[in-house]
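Asks: Structure incoming, see below.
Derivation of every value follows stated rules applied to the coordinates shown; laboratory data play no part. None of these values were measured; they are calculated from a predicted model. In this analysis, Cβ positions are derived from the backbone assuming ideal geometry, glycine residues included, and neighbour counts consider all displayed protein chains.
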Amino acid sequence: STRRHTAPGPLTDFLVERAADAYAALLADWRPVTEGVIGLVPGPLGKGELDGALRRAILERLPRTSFLPPAAVPHADDADELPEAL
């Protein structure tokens, strides 16, 4: 294989965590919020160790990231009570 690999260690771990933070932040800021945003959740990536580590780190953050549209359509009376994204 001609694919280069990253060296395992604290720097790689740090960069994976920062990349996952950035991905979650970008996903939270994505507009417009529609059902299509679910397509931005990473599925299986490449077979490399780094790919898997990045995917795991992103998926760990998504439960705490508001990026899905609300399940209920807000009424005019309570529009301020529902978040723009869940």
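Asks: Obtain the nm distance between the two label points defined at Leu59 and Asp21 by a simple spin-label model: each point lies 7 Å from its Cα along the Cα-to-C-beta direction.
Replies: 2.3
Asks: Something else: First measure r as the distance between the Cβ atoms of Leu68 and His5, then evaluate 1/(1 + (r/R0)^6) with R0 = 25 Å and state the FRET efficiency to the nearest 0.05.
Replies: My answer for the efficiency is 0.15.
Asks: Could you give the alpha-carbon Rg of region 10-78 over 2.2 N^0.38 Å, rounded to two decimals?
Replies: 1.34
Asks: What nm value, rounded to one decimal, do you get for the distance between Ala28 and Leu40 when each label is placed 7 Å out toward the C-beta?
Replies: In this crude label model, Ala28 to Leu40 measures out at 1.3 nm.
Asks: Please report, in debye to the nearest 20, how large the charge dipole of region 10-78 is about its Cα centre when each Lys and Arg carries +1 at its beta carbon and each Asp and Glu carries -1 there.
Replies: That gives a dipole near 220 debye.
Asks: If you take every residue apart from Tyr23 with its C-beta less than 14 Å away from the C-beta of Tyr23, what net charge results, scoring Lys and Arg +1 and Asp and Glu -1?
Replies: Spelling it out: positives minus negatives among the neighbours equals 0.
Asks: Let me ask something else about it. Sorting check: for 54-61, 4-11, which peptide has the highest mean count of neighbouring beta carbons within 10 Å, and how do the rest follow?
Replies: 54-61, 4-11
Asks: Tell me, in nm to one decimal, what length is gained between Asp13 and Glu49 on full extension, where the rule is 0.36 nm per residue of separation less the Cα-Cα distance?
Replies: Stretched out fully, the Asp13 to Glu49 stretch lengthens by 11.8 nm.
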